[in-house]
Amino acid sequence: MRLLKSVMILMIALVVLALLLVGYFFLTAKVSIAAYKAEGTAASANMPLYEEIATQIAKDAFIGTRFKTEPLTNAEDYAFITYTLRLNNQCLVPVDMVEVQVVPNAKDVLQIGDLTVRSLDAKTQGDITATILTAKDSHAIRELIVTYYVWGVSFSIRETYGG
């Protein structure tokens with residue numbers, strides 16, 4: 001009996017220790033944005049990409065998020081804005097998946113989809129980008145939502161960048 005009692009106390013201590021360790025990992029699950037860059041180019045300067053997007057939209061096969069349903073006009077009416085975020089994974093565990101979404105303003109047409117699954121190893125940095133097609137006279141200030149997953153649990157960061 002004495003042996004069983006000792007084993008039970010040891011098992012309870014191991015379970016409590018495991019729960020504390022998992023709790024510590026979740027409390028330190030922090031990803032931050034270390035730097036950002038917003039670059040704009042006229043759609044007419046990147047005609048292959050614009051034509052590919054226009055073709056995909058015409059075939060109803062566009063991969064990404066459309067903010068407007070109207071058909072595209074001339075490339076001279078639009079601009080691409082690419083947001084590059086440098087993410088800093090401060091977690092002691094890897095981040096399973098990272099994605100960024102742009103909150104559109106009234107002039108935005110679409111956000112180009114990214115089918116690449118991005119992850120960050122523990123205590124590392126990495127870059128992620130998001131590209132939108134917008135009216136040529138639009139400003140670059142947008143709210144960006146970065147969503148990341150640690151052990152299947154989602155976390156998100158909402159920040160406004162641009163300029």
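The values are calculated or read from the model by the stated rules, or taken from the named source; none is laboratory data. What you see is a predicted model; the values in this text were computed from it and never measured. We place every Cβ from the backbone using ideal geometry, glycine too, and count neighbours over all the protein chains shown. Remember, those area values only see protein heavy atoms, side chains included, never the ligands or the DNA or RNA. Shrake-Rupley method; radii C 1.70, N 1.55, O 1.52, S 1.80 Å.
Pairs from the table (K37/K123; K37/K107; K68/K136; K30/K68) lying more than 25 angstrom apart at Cα are K30/K68.
Per residue, how much accessible area does segment 6-163 show when a 1.4 Å probe rolls over the protein heavy atoms, in square angstrom? Mind showing how you got there, number by number?
Numbers: 9220 Å² over 158 residues.
That works out to 58 Å² per residue.
Estimated from the Cβ-Cβ distance and a Förster radius of 35 angstrom, the FRET efficiency linking F25 and K68 is about 0.25. GNM remark for the chain: springs join alpha carbons under 10 Å apart, and the peak mean-square fluctuation among L144, L49, L14 falls on L14. Residues considered: V102, V15, V146. Largest GNM mean-square fluctuation over the chain, using C-alpha springs under 10 Å, is found at V15. Expressed as a whole percent, the accessible area of segment 1-108 that falls on carbon and sulfur atoms is 64 (1.4 Å probe). Taking 0.36 nm per residue of sequence separation and removing the Cα-Cα distance, the D77/D121 pair yields an extension gain of 11.8 nm. The solvent-accessible area of I112, taken with every protein chain present and a 1.4 Å probe, is close to 40 Å². A value for semi-axes √(5λ) of the Cα gyration tensor in Å was derived from the coordinates, and within the list (1) 137, 17, 12; (2) 46, 16, 12; (3) 27, 22, 14 it appears as (2).
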